[in-house]
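Chemist: Quick one: structure below, then a few questions.
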Amino acid sequence: VVAGHETTATTLSWAMYELHRHPEALASLRAALAPARALPPRPRPSRRCPCLEAACDETLRLHPPVPMVPRRLTRAFALGGYTLPAGTTLGVVSYMAHLREEVFAEAEVFKPERFVGRRYSPFEYYPWGGGARRCLGAAFAAYELRVALGTLLSTSAWVLDEPGPVRHAFRVGTYGPEGGIRMRPVV
Ligand code: HEM
């Protein structure tokens, strides 16, 4: 439940939050989704839409629900002038890597367009972890996110109840928005 539900639900909340704090990003995503809305019989936001993928990727950059993955060294390893002995546990922190200015210009700013037509290396961007233990559900979760986010945005307008800054807080094994994100559909 934690790996498969909490992570994706949290990311969906952050995506809605960020998009509704960034009207230009929201408007261009809505415009990109408009043709999908026209397709019968129901909205089909799961069709490939680079803007939708970029919004999800950018959300995961700023708000990775699993911000650190641990690895235990099987042999000594030299890192940053230190020699770490076998058995040491290292934390590989995507949350910090994702804020490196030399990789992501204006790293603190939500800018989905940085992912349009651009791929980052697995050493620059890794919300799904990496290597042999990379998230088993990554493809499924990315698809589910696109379907859910695209459907929410295609079928209704939404208002953020509390548009102010929201802190990250540790939840059930993941990090998510402290106190949750409260939104209302505009009817
Ligand atoms: C936005 C959604 C998700 C994110 C950001 C995410 C992120 C991660 C991360 C960072 C890891 C650790 C990878 C590593 O150690 O290198 C992981 C592991 C894992 N995830 Fe996800 N995950 C998500 C959704 C899912 C879903 C939907 C499933 C299952 C349907 C899933 C199943 C797993 C499993 C089984 C592992 C353990 C893999 C292993 O140790 O071999 N995850 N996930």
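Chemist: I'm checking my understanding of the structure. Among residues of the range 1-15 that are within 13 Å of Glu58 (Cβ to Cβ) and not hydroxyl-bearing (Ser, Thr, Tyr), which one is surrounded by the fewest Cβ atoms within 10 Å (Cβ to Cβ)? Outline the logic, then answer.
Modeler: Taking the range 1-15 as the starting set, the residues that turn out to be within 13 Å of Glu58 (Cβ to Cβ) are 11, 14-15.
Next, from what is left, pick out any that are not hydroxyl-bearing (Ser, Thr, Tyr): 14-15.
Numbers: Trp14: 24, Ala15: 27.
By that ranking, first place goes to Trp14.
Chemist: If a residue must be among the hydrophobic types (A, V, I, L, M, F, W, C) and surrounded by fewer than 19 Cβ atoms within 10 Å (Cβ to Cβ), how many such residues does the range 103-128 contain?
Modeler: Restricting attention to the range 103-128, the residues satisfying the condition of being among the hydrophobic types (A, V, I, L, M, F, W, C) are 103-105, 107, 109-110, 115-116, 123, 128.
With the extra rule that they be surrounded by fewer than 19 Cβ atoms within 10 Å (Cβ to Cβ), the set shrinks to 103, 105, 107, 109, 116, 123.
Residues flagged as among the hydrophobic types (A, V, I, L, M, F, W, C) and surrounded by fewer than 19 Cβ atoms within 10 Å (Cβ to Cβ) within the range 103-128 amount to 6.
Computed from the coordinates by the stated procedures, all read-outs in this text should not be read as laboratory data. Just so it is clear, the structure is predicted and the values come from calculations on it, not from any experiment. Backbone-built Cβ (ideal geometry, glycine too); neighbour counts: all protein chains shown.
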